[in-house]
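Here the structure comes first, spelled out in structure tokens, and everything after it is commentary.
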Amino acid sequence: MKVALLTLGCDKNTVDSERYLADLVAHGAIPIDDAADADVIVVNTCGFIDAAKQESIDAIVGAARLKTDGACQAVIAVGCMVERHKDELREALPEVDLFLGASEGDALIPSLIERGLLQSEVLAHPGERLLVAGSPFVRYLKISEGCDHGCAFCAIPLMRGKHRSFGIDDIVREAQLLELQGAREVNLVAQDLAHYGRDRRDGSSLPRLLETLVRETGIPWIRNLYLYSAGITPELLEVMSREARLLPYLDMPMQHGSDAVLKAMRRPERRATVRERVQRFRDAVPDLAIRTTVIVGFPGETDEDVDILCDVLEELRFERVGVFTYSPQEGTRAAAMPDDVPEPVKRERQERVSELQRVLTAERYEQRIGRRATALVLQGASGDEPAIARMPWQADDIDGITRLDRAVPAGALVEVEVLDVEDDYDFAARVVGTPHQPTPPRAPRRVLPVTSTTSVGSFGR
């Protein structure tokens with residue numbers, strides 16, 4: 001059976017898709033990129049905002065069309081959007097053979113076996129995950145599932161359930177497998193990394209997990225993504241400042257700068273606490289880069305609230321800021337509020353905040369010209385195209401790239417000198433050191449079992 005797997009949405013969805021793919025291959029499936037030639041098409045959906053939902057629906061409809069126009073025998077929709085809207089989707093799209101929510105991933109393989117499309121026995125042992133897209137040198141590692149925060153605008157708890165932390169041994173074993181597959185950078189992801197371990201009551205915590213990953217793997221770069229500021233403890237900052245392989249980078253969603261809007265959003269931070277914490281984080285971790293996200297157009301937001309937000313951004317000067325417009329999500333507290341900011345006003349506010357941040361980012365990036373840093377090479381030079389890399393303050397897919405002045409093999413780590421800022425968010429750099437080539441992973445001090453006590457399909461669910 002040839003299978004095409006289409007992944008939409010966030011990095012956490014990518015992790016899920018890699019587990020699905022490993023399970024499929026284990027039972028005899030052959031992964032292909034061209035959905036038109038696939039016997040089975042699996043669409044991993046996103047239900048976060050309206051635009052993502054529409055993209056997911058379009059992908060499902062396109063896949064279903066290939067049951068007539070291509071070789072497809074079955075279309076299966078999985079993931080977050082299905083979790084929330086299964087009944088509506090089943091009624092609207094009867095041509096889809098199976099809908100499985102984010103909590104129902106275990107049923108994928110049995111369903112395909114029941115249809116005679118997969119072998120019941122395990123025919124291969126591909127590992128816990130198989131790369132579905134992107135660079136093999138950059139992988140994502142999900143350390144928990146779900147969320148206990150009650151943000152008024154967010155439907156994640158409705159799609160992913162309550163927060164559940166995975167065991168440290170399970171996470172470390174998965175990291176070791178990613179290293180064996182060639183990972184040079186591993187990005188830790190969750191709805192809130194800082195919340196890790198609070199539900200386990202076994203001493204697990206994010207600092208302890210990070211120390212264990214450093215001790216039990218040889219992965220050169222480990223990056224923390226998605227942390228609430230309230231959970232960034234002095235212990236975490238101390239570990240980050242001490243361990244050179246833990247990148248000085250935090251992705252910390254602020255969502256707004258106005259206390260009135262933050263209160264309406266049911267966010268735990270306020271302007272004063274964010275200001276104090278950001279300063280404390282920068283004092284504790286040398287050369288720390290902080291990225292954040294904000295939402296404009298939330299119900300009740302005024303022009304004065306946007307003025308306050310802009311003042312906060314000017315004061316704190318984050319490296320990067322993602323600016324999004326509010327979109328009501330069915331079932332959330334905010335959905336019951338009047339959506340009283342017209343769409344054109346939302347877009348105007350988004351443009352205003354984005355333009356301000358473009359200037360602020362440019363000022364911060366100008367300060368890096370002439371400095372030296374380590375860069376991870378993602379793509380070697382090809383023809384007239386330079387080698388492409390990223391530096392520690394550039395997270396995968398969201399913070400731009402660095403173009404190098406000479407050919408360097410992909411996967412290498414190399415010392416560079418920053419020459420210039422290009423296209424607002426990219427850099428040009430000169431190679432000044434000898435590239436450190438990827439080497440076979442060293443034997444961990446504590447070899448964990450290759451097979452988990454949790455099935456591939458159900459890990460973390």
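Brief remarks on what is shown
- Filter pass, residue 105 being under 30 Å from residue 58 (Cα atoms), at pLDDT below 90, part of a helix (DSSP H, G or I) and not hydrophobic (A, V, I, L, M, F, W, C): yes
- Some residue of the range 31-48 being modelled with pLDDT of 85 or more, surrounded by fewer than 24 Cβ atoms within 10 Å (Cβ to Cβ), over 24 Å from residue 85 (Cβ atoms) and among the aliphatic types (A, V, I, L, M): yes
- Some residue of the range 234-243 being in contact (Cβ under 8 Å) with a residue 60 or more places away in the chain and touching a strand residue (DSSP E or B) at 6+ places or on another chain (Cβ under 7 Å): no
- Residue within the range 224-244 that is part of a helix (DSSP H, G or I) and among the hydroxyl-bearing types (Ser, Thr, Tyr) present: yes
- If you go through the range 90-102 and keep only what is assigned to a helix (DSSP H, G or I) and surrounded by fewer than 19 Cβ atoms within 10 Å (Cβ to Cβ), you end up with 90, 91, 92.
- Residue match in the range 64-73 (condition: closer than 15 Å to residue 132 by Cα, in contact with a Leu (Cβ under 7 Å, 6 or more places away or on another chain) and buried (at least 20 other Cβ atoms within 10 Å of the Cβ)): no
- Failed item, numbered, when residue 248 is tested on (1) more than 27 Å from residue 347 (Cα to Cα); (2) without any contact (Cβ under 8 Å) to a residue 12 or more places away in the chain: (2)
- Taken over the range 125-166, the criterion of being acidic (Asp, Glu), crowded, with 18+ Cβ neighbours inside 10 Å and more than 18 Å from the chain's Cα centre (by Cα) is satisfied by 128 alone.
- Candidates 266, 275: the one that is surrounded by fewer than 20 Cβ atoms within 10 Å (Cβ to Cβ) and touching a residue at least 60 places away in the same chain (Cβ under 8 Å) is 266.
- In the range 318-326 there is no residue matching the filter, namely being surrounded by fewer than 18 Cβ atoms within 10 Å (Cβ to Cβ), of a type outside the set (A, V, I, L, M) and at positive phi.
- Qualifying positions in the range 367-388 - surrounded by 21 or more Cβ atoms within 10 Å (Cβ to Cβ) and over 25 Å from residue 226 (Cβ atoms): 377, 387
Yes or no, residue by residue, for (1) hydroxyl-bearing (Ser, Thr, Tyr); (2) modelled with pLDDT of 95 or more:
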position: 270; (1), (2): no, no
position: 332; (1), (2): yes, no
position: 341; (1), (2): no, no
position: 354; (1), (2): yes, yes
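- Between 77, 59, 51, the distinction of being within 23 Å of residue 131 (Cα to Cα), under 28 Å from the mean Cα position of the chain (by Cα) and part of a helix (DSSP H, G or I) belongs to 59 only.
- Tally, over the range 192-218, of residues that are free of Cβ contacts under 8 Å to residues at least 60 places away in the same chain, in a loop (DSSP other than H, G, I, E, B) and not basic (Lys, Arg): 8
- Across the range 330-366, the qualifying residues are those that are under 30 Å from residue 83 (Cβ atoms) and of a type in the set (A, V, I, L, M), and the one among them that is surrounded by the fewest Cβ atoms within 10 Å (Cβ to Cβ) is 336.
- The condition of being in contact with a strand residue (DSSP E or B) (Cβ under 9 Å, 6 or more places away or on another chain) and not hydroxyl-bearing (Ser, Thr, Tyr) holds for only one of 299, 286, that being 286.
- When each of 51, 26 is tested for being more than 22 Å from residue 71 (Cβ to Cβ), among the small types (Gly, Ala, Ser) and surrounded by fewer than 20 Cβ atoms within 10 Å (Cβ to Cβ), the lone residue that passes is 51.
- The test for being surrounded by fewer than 22 Cβ atoms within 10 Å (Cβ to Cβ), within 19 Å of residue 288 (Cβ to Cβ) and over 20 Å from the mean Cα position of the chain (by Cα) does not hold for residue 216.
The values are calculated or read from the model by the stated rules, or taken from the named source; none is laboratory data. Just so we're clear, the structure is a prediction, and the values are computed from it rather than from any experiment. Here Cβ is always computed from backbone atoms with ideal geometry, including for glycine, and neighbour counts include all displayed protein chains.
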